[in-house]
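The values are calculated or read from the model by the stated rules, or taken from the named source; none is laboratory data. Here the structure is a predicted model, which means the values were calculated and not measured. For neighbour counting, all protein chains shown are included, and Cβ atoms are generated from backbone atoms with ideal geometry for every residue, glycine included.
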Amino acid sequence: MNNRRDNRERGRNQGIRASPPGTAAVVSVLDRWRALSLRRRLVFAGVAVVLVAAVGTGLAVSEDPAPQSGRPGQDALGPVLLVPGYGGSRDALERLAAAIRDTGRQADVLTLAGDGTGDLRQQAGVLADAVQRAYAQGAPSVDVIGYSAGGVVARLWVADRGGEHQARRVVTLGAPMHGTTVASAGGALVPGACPVACQQLTPGSALLRQLPPLPPGLPWLSVWTQDDQTVVPPDSARLEGAVNVPLQQVCPGNHAAHGDLPTDPATTALVLRALGTAPLAAPASCP
């Protein structure tokens, strides 16, 4: 009998020794938590939530792959992102992208949200997401080409979405930087027929008025055709701080219309030259 009693005592002692390390400390903390008043528990819980949110925010910022300051080096050639115009058609830009790929560069035409007639700020978000993906994949820089309303999208990205520090160069083709009277006329002639992007491209719209000047030092080429009947007046594409090139100024015999710009050989040559590493400047002659 004594032996059985001794064995039971040893078993109980071994059970105590088998408790996980730190159990007493955990129990102590729980006892102290239970001893707190409800008010103090709520205060501590609030502080914990704030700390977790702060840590989460810090991680999000540190993991952002695209630069948030400075600017990519002009020798660091990365992918070229092409932004379609109003309506989002990618067809014409695909031909320009193919010409860029023939030089050995990666070139991607973006697919805009919806039917490409929605809020231009949302379209700028599509561009910002594409830029983030490019940098996450190891790109040293990005170049952006914006056709028509896509040029305004590029400008919004530069102004509001970090593009100032992420773009190596920007090229815009027939971009209504100051709006087009076609947009205002369309809305007046057919009430309700001017979607959000159309309204934003009306001369003097709130969106266009709020756009800041280009950041100093960002290489930007703006090309347009004087035969443009979509962006009216055509020199709405002129942008202070950019290298502004009316196509007929360097190619007097060229009669490209607005829709021809992405596929016009002279315009393509201007774009390819602008995507190089030489300092950006207006051409002295037709390429």
Worksheet item: Could you list, in sequence order, the residues of region 154-186 that are aliphatic (A, V, I, L, M) and either under 10 Å from the mean Cα position of the chain (by Cα) or not in a helix (DSSP H, G or I) (or both)?
Response: A154, L156, V158, A167, V170, V171, L173, A175, M177
Item to complete: Quick one: which residue in R95, R90 is free of Cβ contacts under 8 Å to residues at least 40 places away in the same chain and not hydroxyl-bearing (S, T, Y)?
Response: R90
Fill in: Check on T103, surrounded by fewer than 16 Cβ atoms within 10 Å (Cβ to Cβ) and not aliphatic (A, V, I, L, M)
yes
Practice prompt. Report, by residue number, each residue of region 65-110 that is basic (K, R) and not assigned by TED's automatic domain parsing to the domain that holds A154.
Written response: R71
Worksheet, complete the sentence: Subset of region 118-157, residues within 19 Å of T172 (Cβ to Cβ) and either at pLDDT below 95 or among the aromatic types (F, W, Y) (or both), comes to Y147, W157
Response to the item:
Selection from region 98-121 of residues closer than 25 Å to R273 by Cβ and either without any contact (Cβ under 8 Å) to a residue 60 or more places away in the chain or of a type in the set (S, T, N, Q) (or both) yields A98, R101, D102, T103, G104, Q106, A107, D108, V109, L110
Discussion item. Taking the criterion of being loosely packed, with under 14 Cβ neighbours inside 10 Å and closer than 19 Å to V158 by Cβ, would at least one residue in region 73-85 satisfy it?
Written reply: yes
Discussion item. Cβ-Cβ distance below 9 Å, separation of 6 or more or different chains: which pairs start in region 265-287 with a residue that is not assigned by TED's automatic domain parsing to the domain that holds R168 and end on one that is at pLDDT below 95 and among the hydrophobic types (A, V, I, L, M, F, W, C)?
Written reply: none
Item to complete: Mind listing whichever residues of region 218-234 are surrounded by fewer than 24 Cβ atoms within 10 Å (Cβ to Cβ) and β-branched (V, I, T)?
Response: T230, V232
